[in-house]
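Input: a single structure, listed below in structure tokens.
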Amino acid sequence: MEKILALVCPEADGTLGRPALEAIGAARDLAASLGGPAWDIGLFGASVGKAAGSVGGCGAARVYGVEGAEFADPRYGSDAAAAEVICRAAGAALVVAPGTSRLARVAAGVAHRLGGRADNHVTALEAHPDGVFISRGFYRQRVEAVMSRKTRPWILVLEPGSRAPAAAAPGDAPLEMVPAKAEGRAWMEGFREPAAGGRTIRPDAELLFVAGAGWTKKQAGGQVRAAEAENLILEFLSKTRASLGSSKSLVDQQGEGQAVLSFLTHLHQVGQTGSTPRHPKGLATCCHGEEPHVVGWRFIPQRRAINLDPNCGWAKGKADVVYVADAFEVMVRLNEMLS
Ligand SMILES: Cc1cc2nc3c(=O)[nH]c(=O)nc-3n(C[C@H](O)[C@H](O)[C@H](O)COP(=O)(O)OP(=O)(O)OC[C@H]3O[C@@H](n4cnc5c(N)ncnc54)[C@H](O)[C@@H]3O)c2cc1C
């Protein structure tokens, strides 16, 4: 029977985030559908005791850990070294890891060191008489393939948001610490964030808030109200911890010398030439809802939009609810209600 390992990292506060719990749930369910081979959890980070205790009762046979100050920050050399020794200690044939930036960055390198293979953008795992099959996206997730591999170990990088997380199950599965040596010459010195807004892309947020170019267009009084828009959006984001997305038109304006929202970059762009995030809900504001933008919403099940134009794209079957209203007024009211 093939051994399965869920390989995850605790957050800075020592707890496990949603993507990690999804990977643990996927490993557990895969083991059950394969007829119950032993499955393990591997953890690495500054300290793994708290995370191990929070999932020790969810059925894993063992919990392997690598911890220490040198494993606290995401860094290729230390993360790959920790992941490699954990995979070797567990003797895992199938490794399920969450598609966070931290694990996605090292998955291919670790697979290479182990003589295995890695696949990212995995959205489903299935036991089949002919082996384990995965569904994964290719070509910016526009093409979905169902595929299998014979090579082991096989590292499966699970797309965050593609399944339910494992429920917290505190318990004391045996925690086995594995010695690891952090490699590499690069060290993390700290975070530097844009002056305004801080971190606004939050892949595991419940809500995606999309800002469109309308925020920086002349409004009813004939004025551009971009500074006011910035404040309203940042207030909303800080109150809801929503993730921020943007239309292409809005992020492109920076290069054209027009009014912009200072905290937006091209990383925020959602759509055909942007990202396809997975959040349970989305709210589009001052965004027309044209197809090249909405195609980036295909994994967002509950959609709402605020637009002055009752004939905007969202109203043509692309959103569940369209509020025909001035987004400035709605956001003022919404922020008041959230206070
Ligand atoms: C090859 C190609 C690839 C593309 N890829 C992408 C992509 O990845 N992502 C993407 O987003 N776009 C993409 N586009 C561009 C896309 O077609 C649209 O041009 C773009 O999404 C429009 O952005 P927008 O809706 O923010 O702006 P606009 O079309 O200018 O819409 C602004 C909206 O704001 C509304 N509005 C203004 N003021 C208010 C107010 N006070 N309250 C409420 N509503 C208000 C207006 O009614 C209007 O509907 C692509 C285009 C091409 C050709």
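Odds and ends about this structure:
- Potential extension, Met177-Lys217 segment - 0.36 nm per residue separation minus Cα distance: 8.7 nm
- Most fluctuating residue given options Glu67, Glu329, Glu22, as computed from a GNM of the chain linking Cα atoms under 10 Å: Glu329
- Zone residues, segment 149-166, relative to Phe138, backbone N less than 16 Å from point 7 Å out along Cα-to-Cβ: 149-150
- Evaluated with a Cβ-only charge set (Lys, Arg +1; Asp, Glu -1), the chain carries a dipole of roughly 580 debye about its Cα centre, given to the nearest 20.
- Within straight-line cross-link reach of Lys217, aspartates and glutamates at Cα separation under 18 Å, skipping those fewer than 8 residues along the same chain: Glu228, Glu230, Asp252, Glu256, Glu290, Asp309, Asp326, Glu329
- Prolate/oblate/rounded label for the chain (Cα gyration tensor, a/c 1.5): prolate
- A Förster radius of 22 Å combined with the Cβ-Cβ distance from Phe191 to His266 puts the calculated FRET efficiency at roughly 0.65.
- Label-to-label distance for Ala169 and His128 is 2.7 nm, based on points extended 7 Å past Cα in the beta-carbon direction.
- Listed residues Ala186, Ala284, Ala227, most fluctuating in the chain (Gaussian network, C-alpha, under 10 Å): Ala186
- Note on Arg113 and Ala38: the extension gain reaches 24.6 nm, defined as 0.36 nm multiplied by sequence separation minus the Cα-Cα distance.
- Taking amide H as placed 1.01 Å from N in the peptide plane, the amide H of Leu7 sits under 5 Å from that of Gly42, Val96, Ala97, each at least 5 places away or on another chain.
- Magnitude of the charge dipole for segment 207-338, about its Cα centre and with charges confined to Cβ atoms of Lys, Arg (+1) and Asp, Glu (-1), is about 420 debye.
- Euclidean distance between Cα centres, segment 10-43 to segment 243-312, Å: 33 Å
- Top of Trp154, Trp39, Trp187 by mean-square fluctuation, Gaussian network on the chain, Cα under 10 Å: Trp187
- With a simple spin-label model that places each label point 7 Å from the Cα along the Cα-to-Cβ direction, the separation between Arg62 and Tyr76 comes to 3.0 nm.
- Cβ-Cβ FRET estimate between Ala227 and Thr15, R0 fixed at 35 Å, reported to 0.05: 0.40
- Cα gyration tensor, segment 207-338 - rounded (a/c under 1.5), prolate or oblate: rounded
- Counting only alpha carbon atoms, the long axis of helix 18-33 and the longest principal axis of the chain meet at about 50°.
- Here the spin labels are modelled as points 7 Å beyond Cα on the Cα-Cβ line, and at Met147 and Lys50 they lie 3.9 nm apart.
- Crossing angle, helix 76-90 versus the chain [Cα axis fit, 0-90 degrees, rounded to tens]: 40 degrees
- With Cα atoms, 0 to 90° folded angle of helix 226-240 axis to the chain main axis: 40 degrees
- Positive-pole candidate from Cys287, Ser238, Gly49, dipole of the chain, charges at beta carbon: Cys287
- For Ser47, residues with placed amide H under 5 Å, excluding near neighbours: Gly68
- The fewest-to-most ranking of Glu336, Glu176, Glu159 by surrounding Cβ atoms within 10 Å reads Glu336, Glu176, Glu159.
- Positive-end extreme of charge dipole, segment 266-339 - chosen from Thr276, Val332, Val322 (charges on Cβ): Thr276
Computed from the coordinates by the stated procedures, all read-outs in this text should not be read as laboratory data. Computed from a predicted model, the values in this text were never measured in an experiment. Because the Cβ atoms are built from the backbone with ideal geometry, glycine has one as well, and the counts that use them run over all protein chains shown.
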